[in-house]
Amino acid sequence: MMRSAIPPIALLLFLAGFTLWNAYDIQTHTDICIDGIDEAIRAADQNDWSAAEESLAASYLHWQSRRNHLRITVAHSIVDAADSMYCRAIAFAQTEELTEFRAETAGLRIHLLHLAESERFLSGNVF
């Protein structure tokens, strides 16, 4: 009787471990992206638009490097929304529209923070 419980318990432990690893991986990934966005905002505030665009492009490149993993583990609409927000923010950096740039990057930061929070292993996210 005890032997029949081993496979389901092993599967449950595996899934819990994967969930914890995935939450950590997404948190680490979004933190790096947000750091790049913050650098871009600081540069734009100093009217250094080339540095702002460069920092934002680096953050977007990092985002893109994990895109396939994210499309497997989170809803496609979340990933697609972040892609669109990055593209709009980069366009505002290229046209040096500070107000629009700050609004778009603020929305992008919140979006990425929400993504990381929604993947945490919390009872509210499970039930």
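Just so you know, all these numbers are worked out from the coordinates, no wet-lab data involved. Quick caveat, the model's predicted, so the values are computed rather than measured. Please note: Cβ atoms are built from the backbone with ideal geometry, for glycine as well, and neighbour counts cover all protein chains shown.
Some observations on this one:
- Between A91, A75, A52, the GNM of the chain built on Cα springs shorter than 10 angstrom shows A75 fluctuating the most.
- Sequence of F101, F92, F18 once ranked by neighbouring C-beta atoms within 10 Å, starting from the fewest: F18, F92, F101
- Scattering curve values for the chain, log₁₀ I(q)/I(0), Debye with Cα scatterers, q = 0.10, 0.13, 0.22 Å⁻¹: -0.39, -0.57, -1.19
- Counting every other Cβ atom within 10 Å of each residue's Cβ, I6, I110, I41, I32 order from fewest to most as I6, I110, I32, I41.
- Inter-centroid distance (Cα atoms) of the range 1-15 relative to the range 62-120, Å: 39
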